[in-house]
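The values are calculated or read from the model by the stated rules, or taken from the named source; none is laboratory data. Model, not experiment: these values are computed from the prediction. Cβ atoms come from the backbone with ideal geometry, glycine included; neighbour counts cover every protein chain shown. Quick note on the areas: whole protein, heavy atoms, side chains included, nothing else; ligands and nucleic acids left out. Shrake-Rupley method; radii C 1.70, N 1.55, O 1.52, S 1.80 Å.
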Amino acid sequence: MSIAKPLKKAVAAVILDLDGTLINTGHFSFQFHGTDGILGDVLKALLLKYGKQWDGREAQKIVGKTPLEEAAIVVGDYELPCSIDEFVTQITPLLYDQFCNIKALPGANRLIKHLSGHNVPLALASNSPRAYIESKISYQQGWKQSFSVIIAGDEVRAGKPSPEIFLEGAKRLNIEPSRCLVIEDSLPGVTGGKAAGMEVVAVPSIPKQTHLYIAADEVISSLLDLQPELWGLPPFEDWIDGTLPLEIWHIGGPVVKGFGRGSKVLGIPTANLSTKGYSALLSEHPSGVYFGWAGLSTRGVYKMVMNIGWNPYFNNTEKSIEPWLLHEFDGDFYGEELRLVIVGYIRPEANFTSLESLIAKIHEDRRIAERALHTPLYLKYKDDPYLKGSSL
């Protein structure tokens, strides 16, 4: 994929967090990770009964806390006329009803299957109560049997950021804490893992907060970017010429005016899509560079490479979808229906020290995508009916 990086430290076991790391709950370990996900929907409905409007303003306060701490924040901040225990009693059945709708985050199934397939001891350590954990993972095929150990927040004296849950995990795995790798999305989780004397990889679940994770040994954008070999674990073997094949997904809509910098600043004419109505989809897919096929209703099907995210060099305030159709067009096509089939992943978003280095990287992405889309693995999706205008 790229020049081999030096080994950070060889570990013998992996301890994974659940909410926000492996599954997209929206949190409330309930646990909250952004306003998207099942929790946002449940809280909107519940707070409406009290005449309040859920706006997600507590996202950073709540992330990684225990359920009672999370409930206390919501009850306090919204000045609800109920006790914390009453609030938990009201929200619990609503959440249980939604657990079947929880989706695994990109790379989660791949990681669990890879590690368990190579007999790497795996533990799950979550601030959620045991009953919540069992219910959530019951909807994820193969997960329960993949974990040698599951430690819940109601099985220890103190949840994260206390190191207790991680130390208990290492004890049950019968592996020294210093030989364990923790993978976490929240600051309390990172703090707890380091306090336990473990190596920690952070996968921040709240956007544009990477700078806060300085205690972690490594910070990655998503589980797709994890390189197990850096930790002495078996490497993934599914990368093909700089691309990672994905379960395909679709997105479409009219082409809209973007930031006015694609052609003018970068010399790269992107065909921006409106993100309206796609907040849930965007929350499911990590920021990064993807590729696939693009269908224009009146013109045909073209190769495409695209960026999803905030574009750190320009510091966007909103997550955007910026596809680059790899074809020379005469003039603009604003308003035309554009449909995309995303077939693979190239790399995470990155910041650049200069405009020149950004442009060079984008052209490298183009070369990787063009080469990959010639191969049968990806070429077959050029005939996807969605590109021709058929609904899903």
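Summary of values
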| quantity | calculated |
| --- | --- |
| Wholly enclosed helices (runs of 4 or more DSSP H) of segment 77-144 bearing at least 2 residues touching a helix residue (DSSP H, G or I) at 6+ places or on another chain (Cβ under 6 Å), closer than 23 Å to LEU48 by Cα and of a type outside the set (S, T, N, Q) | 84-98 |
| Hey, VAL219 β-branched (Val, Ile, Thr) and out of contact with any Pro (no Cβ under 8 Å at 6 or more places or on another chain) or not | no |
| First in segment 68-79 and without any contact (Cβ under 8 Å) to a residue 60 or more places away in the chain and more than 13 Å from PRO129 (Cβ to Cβ), second anywhere and among the small types (Gly, Ala, Ser) and open to solvent by 20 Å² or more (accessible area, probe 1.4 Å), Cβ under 8 Å, 6 or more apart | VAL75/SER83 |
| Pairs with Cβ under 9 Å, 6+ apart, first in segment 241-258 and part of a strand (DSSP E or B), second of a type in the set (Gly, Ala, Ser) and open to solvent by 20 Å² or more (accessible area, probe 1.4 Å) | GLY253/SER274; GLY253/GLY277; PRO254/SER274; PRO254/GLY335; VAL255/SER274; VAL255/GLY335 |
| Search result, residues across segment 331-376 that are among the hydrophobic types (A, V, I, L, M, F, W, C), outside any loop (DSSP other than H, G, I, E, B) and surrounded by 14 or more Cβ atoms within 10 Å (Cβ to Cβ) | LEU338, LEU340, VAL341, ILE342, VAL343, ILE346, LEU358, ILE359, ILE362, ILE368, ALA369, ALA372 |
| Options SER116, SER83; residue that is open to solvent by 30 Å² or more (accessible area, probe 1.4 Å), at pLDDT 90 or above, more than 30 Å from PRO245 (Cβ to Cβ) and of a type in the set (Gly, Ala, Ser) | SER83 |
| Among the candidates GLU349, GLU322, residue that is farther than 16 Å from VAL255 by Cα and out of contact with any helix residue (DSSP H, G or I) (no Cβ under 6 Å at 6 or more places or on another chain) | GLU349 |
| Pairs where the first residue, in segment 186-203, is free of Cβ contacts under 8 Å to residues at least 60 places away in the same chain and the second is open to solvent by 10 Å² or more (accessible area, probe 1.4 Å) and in a strand (DSSP E or B), C-beta under 6 Å, 6+ apart | VAL201/GLU218; ALA202/VAL219 |
| Filter result for GLU318 (modelled with pLDDT under 95, charged (D, E, K, R) and in a loop (DSSP other than H, G, I, E, B)) | yes |
| Complete set of residues in segment 1-46 that are hydroxyl-bearing (Ser, Thr, Tyr), within 15 Å of the chain's Cα centre (by Cα) and either at pLDDT below 85 or surrounded by fewer than 21 Cβ atoms within 10 Å (Cβ to Cβ) (or both) | THR25, THR35 |
